[in-house]
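To start, the structure itself, in structure tokens.
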Amino acid sequence: MDTNFYIIEDDKVVQNLLKKVILKSNLGDVIGISDDGLQAIDEIKRLQPNIVLIDLLLPEIDGISIVSAMKEVKCKTTFIMISQVTSKEMIAEAYKEGIEFFINKPINVVEVVSVIKKVKEKMNMVHVIQSFKNAIKEMNIYEESNQDKGFEVSSDKDKIEKILAQLGILGEAGNNDIIEIILWALEQDKDAGKNPIKYKMTEIYNDLQKRYEEEYGIISNVFAIEQRIRRAISRALKNIAHMGIEDYGNDIFIKYGSVLFDFKEVRKQMNYIRGKSNYGGKVSVKKFIEGIIVSIKNPI
């Protein structure tokens, strides 16, 4: 998950420092900055940043009131509060309203980086746990449905969906594109297990875009298709990495860690999650697609 930040701070020096720390440390992108709390509320609702760095003491409206207002509208943004206030009562109130961490002024760069990494790791874990819950729920529904119908998973589409569910990405936007590409590849080459994809991915994206338009009347952008697929596969990499961290003997981690990804990239992602690296692993769309095809053609 790419992390987007919004900064609410009335001190220009602190604004610039926080932005510089975020960008220089490769923590994410800064999509907005404001010194006006009321304006910030509207922009947060519109931009939906992942993390907001917010000063406790602001003109017109204080940081705690902003956090409280955002929680009332079910905003999923995570808040990190920044202030030189030492009042235990005010700090306790801030935590009660839903902030994740409190950074003291004057700003310490090491502390800022450490706190943000901890918050990101927690957010990733929450996302992964929710993905697992969704995947388990989907698999239970899926199995119950098939049992009721009196048949086992047998079609290629069923097999693809089962793998995507095991990876925790069946609900991701790009999973339909992945399914379409794999089904197309299997149809194009009956020997797909030996030589899964003979075409360049750019050609496949273009073909998929044309098929969407001709067969379903869906107007789609080739770049958008590629980005949906990459985001879904990146999420699968993160989920696999978390599985490996929690249990190196996890069956799904062992089965797909090196088949769908370059295992060096899986290790990089694991180190990134552990905070041992500033960079996560990279994905190869072609390897991922080919890996699923091979898994379908040659089930273990």
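Between a first residue in the range 1-21 that is surrounded by fewer than 16 Cβ atoms within 10 Å (Cβ to Cβ) and a second residue that is part of a loop (DSSP other than H, G, I, E, B), which pairs have beta carbons less than 6 Å apart while being 6 or more apart in sequence or on different chains?
Filtered contacts from the range 1-21: Asp10/Asp35; Asp10/Leu58.
Take Ile66 and tell me if it is surrounded by 13 or more Cβ atoms within 10 Å (Cβ to Cβ), among the hydrophobic types (A, V, I, L, M, F, W, C) and within 22 Å of Asn124 (Cα to Cα).
For Ile66, the condition - surrounded by 13 or more Cβ atoms within 10 Å (Cβ to Cβ), among the hydrophobic types (A, V, I, L, M, F, W, C) and within 22 Å of Asn124 (Cα to Cα) - is not met.
Out of all the residues in the range 66-98, which are at pLDDT 80 or above and assigned to a loop (DSSP other than H, G, I, E, B)?
Result: Val73, Cys75, Lys76, Thr77.
Can you find a residue in the range 70-83 that is more than 17 Å from Met123 (Cα to Cα), touching a Ser or Thr at 6+ places or on another chain (Cβ under 9 Å) and either buried (at least 19 other Cβ atoms within 10 Å of the Cβ) or touching a residue at least 60 places away in the same chain (Cβ under 8 Å) (or both)?
yes
Test each condition in (1) more than 22 Å from the chain's Cα centre (by Cα); (2) part of a helix (DSSP H, G or I); (3) crowded, with 17+ Cβ neighbours inside 10 Å for Ile44 and report the one that comes out false.
Exception for Ile44: condition (1).
Collect the residues in the range 1-41 that are assigned to a loop (DSSP other than H, G, I, E, B), out of contact with any Lys or Arg (no Cβ under 9 Å at 6 or more places or on another chain) and within 24 Å of Leu237 (Cα to Cα), keeping them in residue-number order.
Asn26
Right, Ile245: out of contact with any strand residue (DSSP E or B) (no Cβ under 6 Å at 6 or more places or on another chain), of a type in the set (A, V, I, L, M, F, W, C) and in contact (Cβ under 8 Å) with a residue 24 or more places away in the chain or not?
Yes.
Tell me whether the range 259-272 contains one or more residues that are farther than 22 Å from Ala165 by Cβ, touching a helix residue (DSSP H, G or I) at 6+ places or on another chain (Cβ under 6 Å) and of a type in the set (Lys, Arg).
Taking every residue of the range 259-272 in turn, none turns out to be farther than 22 Å from Ala165 by Cβ, touching a helix residue (DSSP H, G or I) at 6+ places or on another chain (Cβ under 6 Å) and of a type in the set (Lys, Arg).
What number of residues within the range 99-122 satisfy the criterion of being among the β-branched types (Val, Ile, Thr), in a loop (DSSP other than H, G, I, E, B) and over 19 Å from Met70 (Cβ atoms)?
Adding up the residues that qualify gives 1.
The values are calculated or read from the model by the stated rules, or taken from the named source; none is laboratory data. The shown structure was predicted, so the numbers you read here are calculated from the model rather than taken from an experiment. In this analysis, Cβ positions are derived from the backbone assuming ideal geometry, glycine residues included, and neighbour counts consider all displayed protein chains.
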